[in-house]
Amino acid sequence: MTAAPIHDPETGQYAPCPCGCQGATGPGAASHWHQRKGPLPLLRARHGLERWQAPRWLDHWYRLRLPDGRWCYVAEPYDLGADALEDLVWLGQQGYEVSITAWQARHYPGHALAVRIVETSR
Ligand SMILES: [Zn+2]
């Protein structure tokens, strides 16, 4: 798989949001998260959600292939409430690296937050 395009607003390089809202997803990325692996099935089980449901904070969600082959699961909501923060702490306890930045948001830089969830190598 080809590497994802560079997104670094500091250097004026903007990559499109891969969730599908801006058309093509682009290389190194896929729309939404895996159904059967990664954080989505865990979150569904945690909240008793059906297969077509997802937590409210999964807005502009996509996944990126990291250079080492792992997937980085990204959601870009405009706000994070206590429900989202509790989910993120919980995912950290399940063995994921969780980070929240503004500069990595692709959907609407300066407004959306990029929540990044990466499986740690165990
Ligand atoms: Zn989007």
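For PRO55, indicate whether it is over 21 Å from GLU119 (Cα atoms) and in contact with a Lys or Arg (Cβ under 9 Å, 6 or more places away or on another chain).
Details: over 21 Å from GLU119 (Cα atoms): no; in contact with a Lys or Arg (Cβ under 9 Å, 6 or more places away or on another chain): yes.
Criteria not met by PRO55.
Taken over the range 55-75, the criterion of being in a strand (DSSP E or B) and farther than 17 Å from HIS7 by Cβ is satisfied by no residue.
For the range 22-40, the set of residues classified as within 16 Å of the ligand (Cβ to nearest atom) and at pLDDT 90 or above consists of ALA29, ALA30, SER31, HIS32, TRP33, listed by residue number. For the range 41-60, indicate whether the set of residues that are at pLDDT 95 or above and touching a Cys at 6+ places or on another chain (Cβ under 7 Å) is non-empty. Looking through the range 41-60, at least one residue is at pLDDT 95 or above and touching a Cys at 6+ places or on another chain (Cβ under 7 Å). Contact map, the range 17-29: first residue of a type in the set (S, T, N, Q), second residue within 6 Å of the ligand (Cβ to nearest atom), Cβ cut-off under 7 Å, separation 6 or more or different chains; the map is empty. Within the range 59-84, restricting attention to residues that are away from the ligand (no atom under 13 Å from the Cβ) and within 15 Å of THR101 (Cα to Cα), the residue that is surrounded by the fewest Cβ atoms within 10 Å (Cβ to Cβ) is ASP79. The requirement of being more than 29 Å from GLU10 (Cα to Cα), modelled with pLDDT under 95 and out of contact with any helix residue (DSSP H, G or I) (no Cβ under 8 Å at 6 or more places or on another chain) is fulfilled nowhere in the range 98-120; no residue meets it.
The values are calculated or read from the model by the stated rules, or taken from the named source; none is laboratory data. Just so it is clear, the model here is predicted, and its values are computed rather than measured. All Cβ positions, even for glycine, are placed from backbone atoms using ideal geometry, and neighbour counts span all protein chains on display.
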